[in-house]
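See below for the structure under consideration.
The values are calculated or read from the model by the stated rules, or taken from the named source; none is laboratory data. No experiment lies behind these values; they were computed from the predicted model shown. Here Cβ is always computed from backbone atoms with ideal geometry, including for glycine, and neighbour counts include all displayed protein chains. Note: accessible area is taken over every heavy atom of the protein model, side chains too, but ligands, DNA and RNA are not part of it. Shrake-Rupley method; radii C 1.70, N 1.55, O 1.52, S 1.80 Å.
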Amino acid sequence: MDTCVMCGRALTQPATGRPRRYCSTGCRRAADLEVRRLDRHLDQLEQRLRWANLNFWMTGKDEIEKIEQLIDLTKRRLITLLDVLEAP
């Protein structure tokens, strides 16, 4: 049995037509909003990383590594959501 991408509730798939990915319109909209939010967050993190690299003497290696880890986590979540949204 499949589960909703956003909330994890069990989904019953229709006999014909497209498979469901969300349990409700609210979850589908929440996924769309989450993609936009993650995209903005990723932009902010990338700007922060550029600033940290330019000002390495102030930030240090640990801060840069922390920002890079946050970027990786955000990218993974965004890719997961986009794969689901764009799947046929």
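Data table
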{"quantity": "Check on Arg50, more than 19 Å from Arg77 (Cα to Cα), in contact (Cβ under 8 Å) with a residue 12 or more places away in the chain and not small (Gly, Ala, Ser)", "calculated": "no"}
{"quantity": "Candidate set: region 36-88, residues that are assigned to a helix (DSSP H, G or I) and among the polar types (S, T, N, Q); chosen: the one least open to solvent (accessible area, probe 1.4 Å)", "calculated": "Thr74"}
{"quantity": "Count of residues meeting criterion [charged (D, E, K, R) and over 18 Å from Leu78 (Cα atoms)] in region 9-47", "calculated": "3"}
{"quantity": "Selection within region 16-35 - open to solvent by less than 100 Å² (accessible area, probe 1.4 Å) and among the β-branched types (Val, Ile, Thr)", "calculated": "Thr25, Val35"}
{"quantity": "Qualifying residue in region 62-80 (condition: in contact (Cβ under 8 Å) with a residue 40 or more places away in the chain, in contact with a helix residue (DSSP H, G or I) (Cβ under 7 Å, 6 or more places away or on another chain) and aliphatic (A, V, I, L, M))", "calculated": "yes"}
{"quantity": "Any hit, region 3-15, residues being among the small types (Gly, Ala, Ser), open to solvent by less than 60 Å² (accessible area, probe 1.4 Å) and at pLDDT below 95", "calculated": "yes"}
{"quantity": "Subset tally (residues that are under 30 Å from Arg9 (Cβ atoms) and out of contact with any Ser or Thr (no Cβ under 6 Å at 6 or more places or on another chain)) for region 42-70", "calculated": "1"}
